[in-house]
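Here is the structure we will look at, set down as structure tokens.
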Amino acid sequence: MKKKISTLTIMIACIAMVALFCGPAMASVSGPCVDCHTMHNSQGDATMVTGIADGDPGYGSLTRGTCGGCHSATDTDPLQGSFPRVKLASGSSDTNQLAGGYFTAISGESDDHGNTEHSIGSIVEPAGYDTAGYGGGGGDWYKEANGLKCAGNSGCHGNETDTDPAKAIAGGHHANTLKGGNTGYRMLQVGSDAIIGTGASDYEKALNATADGSLAAFSGERNYYSATADATGGSISRFCGKCHGDFHGNEGSSNTGVYDSAWVRHPSDETIPTDWLISSLANYNGLDYKYNPVGTVDAVAPADNNMYATCLSCHRAHGSANADILRFAYADQCADGTSTNGCLGCHDRQR
């Protein structure tokens, strides 16, 4: 009986964690503290946790492991235990992943790993890295010499001031605040501005599980991404511009730290022309939600005259099976072809 109760307690705690990232107003984690934290890790003669490298005092916030330790699955379910996993034991695929995609390796990479993922541990300077620093701040944000991390001043999630990823997201799993501002969508911030977004409760697992993204095969759960024409807004493209600012500087000029503007190459946070098929909700279907998700002002459901191109319209945040972490294979995009997703999902006249 004792074993059954213990197992049930752990299951309940894991299920509760699904509420962590369901949207900007995230619920607190519930369940036994010991599921995530440890004071000494010496119970039952277990080896004491000392951290990743020799001499480290332990994992931040007295956690039992790293971000990857919790968000890597031991089976093939990207929602194992009812909370998101970004790496599966037996690998991921186009039909078995969450909205952000997946890592093929969660740590230890020293290069860009074929450019199919944001490799954790990579010391390679990002494409279009703004050497002057975000907003011209002198290069204080993202120190590639530390290697890319999940959170903190060398990572994506949490605040930009802590070197310890656990400290950077402190409060994000238990309340709706991080140091310096609101938690924001998926614990993403630009300075103290929270990124605006609305998350699917299943992280788009059902949507991605369908080979063609058809509406008939899933419940309708989708992420909605933010796009604004306002440089102070919390758009997802502005967030990506923190690292890739010079890669997409302002149109016809050098980067001035405003990342929501029209970009030199492919524009972001730009409204989709009304004479394109995808601009009409009547023509926007499950395939588009999977391979060509648009951004909207305030991250609401797409509607006529409220559809914008964002970074995530083409890319996945963590990784994918395709080069440049694209949602689709770029080499398969052929003018006069029959594809209705990827580049040709928007550029219908070239089909």
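Can you give me the long-range amide H partners of Gln189? Hydrogens built in the peptide plane at 1.01 Å from N, cutoff under 5 Å, separation of 5 or more residues or another chain.
When sequence neighbours closer than 5 places are left aside, the close amide H contacts are Gly158, Ile195.
If amide H atoms are built 1.01 Å from N in the plane of the peptide, which residues on other chains or at least 5 residues away come under 5 Å of the amide H of Gly100?
Here nothing satisfies the definition.
At a 10 Å Cβ-Cβ cut-off, how would you order Met187, Met307, Met48, fewest neighbours first?
Values: Met187 24, Met307 27, Met48 9.
The fewest-first ordering by Cβ neighbours comes to Met48, Met187, Met307.
Mind ranking 156-169, 64-77, 292-305 by how tightly packed they are, going by the mean number of other C-beta atoms within 10 angstrom, highest first?
Details: 156-169: 21.2, 64-77: 16.1, 292-305: 18.2.
Put in order of decreasing packing, that is 156-169, 292-305, 64-77.
Using 26 Å as the Cα-Cα cut-off, could you pick out the over-long pairs in Lys87/Lys167; Lys167/Lys205; Lys149/Lys242; Lys179/Lys205; Lys87/Lys179; Lys179/Lys290?
Numbers: Lys87/Lys167 23 Å; Lys167/Lys205 29 Å; Lys149/Lys242 15 Å; Lys179/Lys205 30 Å; Lys87/Lys179 28 Å; Lys179/Lys290 33 Å.
Over 26 Å Cα-Cα: Lys167/Lys205; Lys179/Lys205; Lys87/Lys179; Lys179/Lys290.
Using a 10 Å cut-off around each Cβ, can you sort Tyr330, Tyr225, Tyr129 from fewest to most neighbouring Cβ atoms?
On the way: Tyr330 12, Tyr225 26, Tyr129 17.
If I rank by nearby Cβ atoms, fewest first, I get Tyr330, Tyr129, Tyr225.
Which cross-chain or sequence-distant (5 or more) residues have an amide H under 5 Å from the amide H of His174, H modelled 1.01 Å from N in plane?
Val29
Values quoted throughout were computed directly from the atomic coordinates according to the rules given, and no laboratory measurement underlies them. Keep in mind the model is a prediction, meaning the values are calculated, not measured. Cβ atoms come from the backbone with ideal geometry, glycine included; neighbour counts cover every protein chain shown.
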